[in-house]
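Working notes, beginning with the structure itself.
The values are calculated or read from the model by the stated rules, or taken from the named source; none is laboratory data. The structure presented is a predicted model; accordingly, all values stated were derived computationally and were not measured. Reconstructed Cβ throughout: ideal geometry from the backbone, glycine too, with neighbour counts over all protein chains shown. Heavy atoms of the whole protein, side chains included, go into the accessibility calculation; ligands, DNA and RNA do not. Shrake-Rupley method; radii C 1.70, N 1.55, O 1.52, S 1.80 Å.
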Amino acid sequence: MGTKTVDEAVDANGTEAKSDKETAQVTGTEETPDGAAVTGAEAPAEHEAEAEAEEQDGTEDGAPADEDLLVAAEKEATGVGQGAAAVVSAGLGIVSLTGSWVATVAAARETLVGQLQTSSSASVATQVKEVYGDAWATTALVGGLFALAALIVGVVVLVRPAFGAPGRPQAPWIKSVAWAGVSLGVVGLVLAVAKYSDLLLGLPSTK
């Protein structure tokens with residue numbers, strides 16, 4: 001008479017389990033795997049902390065990549081500028097040796113001025129100097145200016161890494177082209193000075 005059947009025991013346990021679940025919902029607590037109770041206010045806070053930690057980790061992982069991209073972009077921009085300057089230096093050096101339309105026009109103008117200012121009764125030496133000598137000197141002067149520009153630009157390219165950020169070596173091809181510009185500039189400048197001072201290809205003797 002005092003014992004319960006299996007069905008009655010199950011009903012009793014089910015009612016008791018339901019009662020415990022309803023109690024947890026009413027109080028707003030959750031039970032963790034280790035048996036500790038966590039309130040409803042603490043659970044979202046923990047989730048937010050985990051989300052912030054994951055976001056911070058992702059930011060820290062992406063920061064080095066962004067810095068590497070910026071450094072690579074700066075190196076590329078610096079290399080492009082120095083390479084262009086080196087090519088310009090070499091081009092100016094070539095022009096100083098081969099001549100340019102500026103030198104041609106300047107020499108022709110000097111020839112015309114000499115013809116206008118020299119009278120027909122002037123000596124042969126004077127006519128040669130005014131008509132031809134001044135024109136040749138003008139050509140040498142323009143060539144020397146191009147050579148000097150090539151020399152300056154080439155030297156600036158070669159010394160630029162010394163004033164830049166450390167750890168950024170200059171590309172070998174930039175050095176080669178810059179040295180070519182410097183060499184051409186030196187040769188052109190020496191030839192221009194020699195011709196302008198009549199040490200090279202001076203005026204013929206009229207005696």
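A few remarks follow.
- Using R0 = 22 Å, the C-beta based FRET efficiency linking THR118 and SER197 works out to 0.45.
- Cα gyration tensor of the range 133-207 - equivalent ellipsoid semi-axes, whole Å, descending: 37, 9, 7
- Dipole size of the range 92-207 about its Cα centre, with +1 on Lys/Arg Cβ and -1 on Asp/Glu Cβ: approximately 380 debye, rounded to the nearest 20.
- Going by accessible surface with a 1.4 Å probe and the largest first, ARG109, ARG160 read ARG109, ARG160.
- Label zone (ALA171, point 7 Å along Cα-to-C-beta; backbone nitrogen cut-off 19 Å) within the range 89-111: 89-92.
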